[in-house]
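Let me begin by presenting the structure, written as structure tokens, before commenting on it.
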Amino acid sequence: MKVNERLDTELNRQGKTQAALAGAVGVSSATVSQWRSGAKTPSTTNLGKIAAFLGVSPAWLQYGELAAAGPPVDQKQRDAYKADCRWYHRPAPKDAGRELGNAAGFAFTGGLATLARETGQNIMDEAKPGQSTVEARYTLIELSGTRLSSFLDAIRFGDLRPHLDAASQSKQKVATVIAKGLEVLDADRRLVLLRVEDYGAKGLVGPEYEDGNYMAVVRNILDSFKGESAGGSYGLGKSVMWACSQFGLVMINSNLSVAQDGKREGRYIGRLDLPWHRLPAEDGDGLDAFAGPAWFGEEDPDLKPVARSYWGNDALVEDTHLRRDGDESGTSFLIVGAYDPSSDEAETIEDMHDQLVGSLNRSFWPALVERADGDPGLMTALVRSERNGATVKQDLVDPASRAPAKARLMQAHLDDVTVDTLDKPGDVVRRRVVLNVPRRVGGGPHAAQQHEAILLVTEAVEDEDGTDKASRDVNRVGWMRGSHMIVKDEPVAGLPMGSRPFHAVVLAGLAAGDDPADRAADRFLRAAEPPEHDRWTVTPDVSRSYARGSRAALTAFNAEVRKAIKEIVSRPARDLSDGPDALKELLRISPPSADTTKRPKVKSANGRPDAEGRWSVDVSVSLPARDKPWRFSPTLRFGTESGAAIPVVWEELVPVDRCTVDDDVITADAGARTVRFTGTTKSDTHPVGASRATALVDVRIYKGSAA
Amino acid sequence: MIAIYPYDSLVGDVRLTVTKVAIDGKALPTAYINPDIPEIAFRDLDTDDWDEAAIDVVVTAPAGEITTTTAWEDPQALVQVLCHYSNTRLAVPLKADPDTPARWTGTVKLDRDACYGRATLRAVVPATVDGVPHRVIGGSEAWALSFDDLPPSPVHGSIAVQWIKFADDKSLGLADYKEDPHHLRLDPEAPALYLNSGFEGLEPLLGDRRRREPAELAMHDSTRVNIAGDAWTAMFVTALDAVETNDDGMPEWPAEEWRIVVLKTLFPRIYPDLGPEDALIEATAARRSGDGSGELLERLLPAAARQVGTSTLLRRGIALLEKNAEMKGADQ
């Protein structure tokens, strides 16, 4: 069933009207009608509102029952894959060279946040031409008991075990990770899988052993077979999946958008990435050395014993948790032994789930925000966790609920309702900022170009984001280009006093438009992204492909954006006198914030009017250290709304701690730092009844009134 | 000083937020609403020709205290506008938010004619306590509303410092001082320091520059700190002169906020062991007595110098000159 069918069915089942739903969501009845018929799809934000109205979860509405079991497995198919599929381990090279870890895996430090960024970016890059929205799903699966055993059986983990043991014994860092993973597996009998799927992307197209998407992902390391507008420069993106597996093991199932050798659905291959290792030879004669990588598939009859992809076996796909939802093209990756490489502690799947949701939100909100007319954004993202078949948590990532101010930025831009200055609350300012792209000398050369990026700024509103302004998220600017991923998010320093707090985002390259200048800028910025894709800097690729001026161009771009932001958010100067700041700064008149005097001060005062209408108070006074004993007079005055407070007279003052009383004067004991006394006022000196005014209790040197 | 209420009052803060202001129906750009001071700067508008301002406000009080303290019945909120120049007092009751406890909203309609110069806007939370209605249990910080009739208050800023060619001046009476480098005018509502742009070389010496030669920097600092020190001394004296004594013989703070702030800023430096009220009494007494007045002035001069940092800049200036001499010596 699809979204529209679930919506239609549930609406009918609950007996609610189309008009009521339209009113609750804030769209027209006609739009709801189109949603029901399937002519239009509601955006993530609107889905959230519809779900709230119907009292169901947004994820259920979008996807239905995801944890439900698939169609029953055909035993013949199961027998077939068990007979056909094997692990093929690449032997060590004849020159005895050793690769002690996957080079690509070490090229960047990363945790789950990096995984979210890389996979999200790859998914968007691989969207089919003409696909308006691509779907990403992240599923954390925890297995134990029989489900674990069946899974390990299906991927022939037993055959892998000796290799993993051997690899875990070397002294490399990667060996420690493998050892740890095996330890948890043996001791706890528990395994975490992370499935990363996309729907609406191209899938692993291309031949088995020649250039193509498939080859790039499955067989090569540093290969990025992507066209001009793609996100990753070096293809290191995909290796992050292997880096997030304790065993370096990822299984893959893909439906292709373009048939390969007449086949399209269920292209299955597994890849293991181990360092060089040795095992006792099968024939008992010495040791066999292995380069490290291994593949799971059927033996290629023309190239024995190499394994190649295995097509169209539903049983294999079901048994290894890689069943796809429908036949739409795209790829599903299953990270076996998923963990966060940047964290020292083992995390629960709930923690990993939350981290993924947070990272997807932070890095992809521009792509996830709904577009004009309530259409879904460039990408939708779902994160789900299940434990032995039961769903534990699921979240449709919706920036409009987690970061509404940012969603507002993009929406105003897409709806074209931006303004030039921040006038009303909610205004979004749009300005153009120049990036001078240097002359390109590498492939596809061009002259220097002037690109106009778009800056969007809105004032941060206190209530909106739920938490208070002082923390985190305000006064920062996010930067993105055509990939719609936030490359970097930085604070803006040096704002003049009194500037309004704000949120800002820069849309550069293809995110700003589709002119030749925009494309040139996008290409430049892509080249300027290091493997982590987390900033723009002069990388080797930039030095190689562009004439001088790249550093200056990037620095100037940064400075221009900051200057524009400062101008937009600062307030008009309070004084127009044009004298030099050097003099004005010495003539500032501000109420003093701290009390720097060294004198007796009332530390605490408690009391109430008593039955006879007298004020009865208990006062503690703190004293600075000095040799001469302090003498002071307590005063109690009745507060008035305007004018001076009215002093009243004491009937009695009684010392309680470390002081003596003489008439109206308290003398502190020598060396005392705190004194305490009680006082009762003379009610006939009160200007009004005691219960009718506030009592201002102070200690003074000059009493201020005749007794 | 600590204030005690004869009944339980709010411990947490009452907050007044201005969400929107409309001038004769048109929205006021948010640039004029500054929650940090807090202030609504009507005076910065291009035209003063408007009739009515509608100020939308939200008032919140600590919800936990409001809902759980049984002694307070029927807590409400109202907004008070006070303008002591025009003697206007306005009280606007607010509506309680049906969905959120301890939250009220409303609109204050302000006639331009009812205000002059400066006014304040604050929220007050009254409740019925022990059967007595309208007892104030808490209030918010006061917002400043500034109007075009008066120059901006120097408080939270600095006094106006303006370049004028004294010789050509016709309106401020500065032509009489055309040979002087600067002149201080201590108008009660608008204190200002005028710098003579006709004084040869003064603008390059005092103007803001990024880099200066050491000797020039020393001279620049020395000149500006002396001008500022003199200004503080003069401001203190006129502020103290503005203190009147009431019927009980007690001194009262001056009417102008900047004068109060000048006194309160320098008192801790002049009388380090007296609180503001006591310092006012002491200073007023000193001013009147023969000997005391000399002593007050003796304490005032270093206090003003410390306020502007004379010693620090002098030390720096001397070091710069020494460095300069070294450099010159090295060249020879």
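Please treat every number below as a calculation from the coordinates, not as lab data. Here the structure is a predicted model, which is why all the values come from computation and not from measurement. When we count neighbours, we look across all protein chains shown, and the Cβ atoms used for this are built from the backbone with ideal geometry, even at glycine.
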Query raised in the report: Do any trypsin sites (Lys or Arg not before Pro) in the stretch A:361-394 lie in a loop, going by DSSP, with at most 16 other beta-carbon atoms within 10 Å of their beta carbon, and if so which?
Result: A:371
Report task. Name the residue farthest towards the positive end of the dipole of the protein assembly as shown from the options A:257, A:681, A:212, assuming +1 on Cβ of Lys and Arg, -1 on Cβ of Asp and Glu, about the Cα centre. Result -> A:212
Requested in this report: Calculate one ³J(HN,Hα) per residue across the stretch A:242-256 by plugging θ = phi - 60° into the Karplus curve 6.51 cos²θ - 1.76 cosθ + 1.60, and present them in order as whole Hz with x for glycine and proline.
Outcome: 5, 5, 8, 10, 5, 9, x, 10, 9, 9, 9, 10, 9, 10, 8
Query - Straight-distance crosslink candidates among lysines, where the alpha carbon sits under 24 Å from residue A:180 and sequence neighbours closer than 8 are dropped - result: A:171, A:238
Query raised in the report: Using the alpha-carbon atoms, what tilt in degrees (0 to 90, nearest 10) does helix A:145-154 show relative to the longest principal axis of chain A?
Result: 40
Query raised in the report: Which longest run of chain A has no exposed loop site in it, a site being chymotrypsin sites (Phe, Trp or Tyr not before Pro) in a DSSP loop with at most 16 other beta carbons within 10 Å, and the site itself not part of the run?
Result: A:226-707
Query - Estimated distance in nm for a label pair at residue B:91 and residue B:63, the labels positioned 7 Å out from Cα along Cα-to-Cβ - result: 2.8
Query raised in the report: Which of the lysines could a cross-linker span from residue B:95 if the Cα-Cα distance has to be under 23 Å and same-chain partners fewer than 8 positions apart are dropped?
Result: B:20, B:109
**Report entry** Distance in nm between pseudo-label sites at residue A:450 and residue A:559 (7 Å out along the Cβ direction from Cα)
**Finding:** 1.7
Query raised in the report: Working out 0.36 nm times the residue gap between residue A:57 and residue A:678, then minus their Cα-Cα distance, what length gain in nm do you get to one decimal?
Result: 217.3 nm
Report task. Mind checking B:220-228 for the average number of partner chain beta-carbons within 10 Å of each residue's beta-carbon? Result -> 3
Requested in this report: Just report the Cα centroid separation between the stretch B:167-225 and the stretch B:20-78, whole Å.
Outcome: 40
Query raised in the report: If the cut-off is a Cα-Cα distance under 18 Å, which aspartates and glutamates reach residue A:563, setting aside same-chain residues fewer than 8 apart in sequence?
Result: A:420, A:452, A:459, A:489, A:490
Report task. Could you list which residues have their amide H under 5 Å from that of residue B:52, counting only those 5 or more apart in sequence or on another chain, with H placed in the peptide plane? Result -> B:24, B:112
Query - Length released on extending from residue A:424 to residue A:585, taking residue separation times 0.36 nm less the Cα-Cα span - result: 54.8 nm
Query raised in the report: What percent antiparallel are the DSSP beta bridges of the stretch B:160-312, to the nearest 5?
Result: 60
Query raised in the report: Which distance in nm do the two modelled labels at residue A:489 and residue B:27 give, with both placed 7 Å along the Cα-to-Cβ direction?
Result: 2.6
Query raised in the report: Any idea what angle helix B:257-270 forms with the longest principal axis of chain B, computed on alpha-carbon atoms, 0 to 90 degrees, nearest 10?
Result: 60
**Report entry** Calculated FRET value between residue A:263 and residue A:169, using beta carbons and R₀ = 60 Å, to 0.05
**Finding:** 0.90
Query raised in the report: Relative to the Cα centre, what is the charge dipole magnitude of the stretch A:545-588, using +1 at the beta carbon of each Lys and Arg, -1 at the beta carbon of each Asp and Glu, and rounding to the nearest 20 debye?
Result: 240
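Once you have the Cα-Cα distance between residue B:285 and residue B:250, take 0.36 nm times their residue separation minus that, and quote the gain in nm to one decimal. Spell out each step's value before the answer.
Values: separation 35, 0.36 × 35 = 12.60 nm, distance 1.01 nm.
Separation in residues times 0.36 nm, less the Cα-Cα distance, equals 11.6 nm.
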Report summary line: Taking R0 as 51 Å and r as the Cβ-Cβ distance between residue A:156 and residue A:17, the FRET efficiency 1/(1 + (r/R0)^6), rounded to the nearest 0.05, comes to 0.35
Report task. Take the Cα of residue B:203, step 7 Å along the line toward its Cβ, and report every residue of the stretch B:160-177 whose backbone nitrogen sits under 12 Å from that point. Result -> B:163-166
**Report entry** Using θ = phi - 60° and Karplus 6.51 cos²θ - 1.76 cosθ + 1.60, couplings along the stretch A:350-363 (whole Hz; Gly, Pro as x)
**Finding:** 5, 5, 5, 4, 4, 4, 5, 4, x, 5, 4, 5, 5, 8
Requested in this report: Just flag the trypsin sites (Lys or Arg not before Pro) in the stretch A:165-201 sitting in loop per DSSP whose Cβ has no more than 14 other Cβ atoms within 10 Å.
Outcome: A:171, A:189
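Under the rule of -39500 (n - 2.57) per DSSP H run of 4 or more residues, summed and divided by the residues of chain A, what mean residue ellipticity at 222 nm is obtained, to the nearest 500 deg cm²/dmol?
-8500 deg cm²/dmol
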Report summary line: For peptide A:630-637, the mean count of other chain Cβ atoms within 10 Å per residue Cβ is 1
Requested in this report: Please go through the stretch B:224-271 and write out the chymotrypsin sites (Phe, Trp or Tyr not before Pro) that DSSP classes as loop and that have at most 15 other C-beta atoms within 10 Å.
Outcome: none
Report summary line: Per-residue average of other protein chain Cβ atoms inside 10 Å, peptide B:267-276 -> 5
**Report entry** ³J(HN,Hα), Karplus 6.51/-1.76/1.60, whole Hz, each residue of the stretch B:289-298, x for Gly, Pro
**Finding:** 7, x, 5, x, 5, x, 5, 4, 5, 4
Query - Intensity falloff of the protein assembly as shown expressed as log10 I(q)/I(0), Debye formula with alpha-carbon point scatterers, at q = 0.07, 0.08 Å⁻¹ - result: -0.87, -1.01
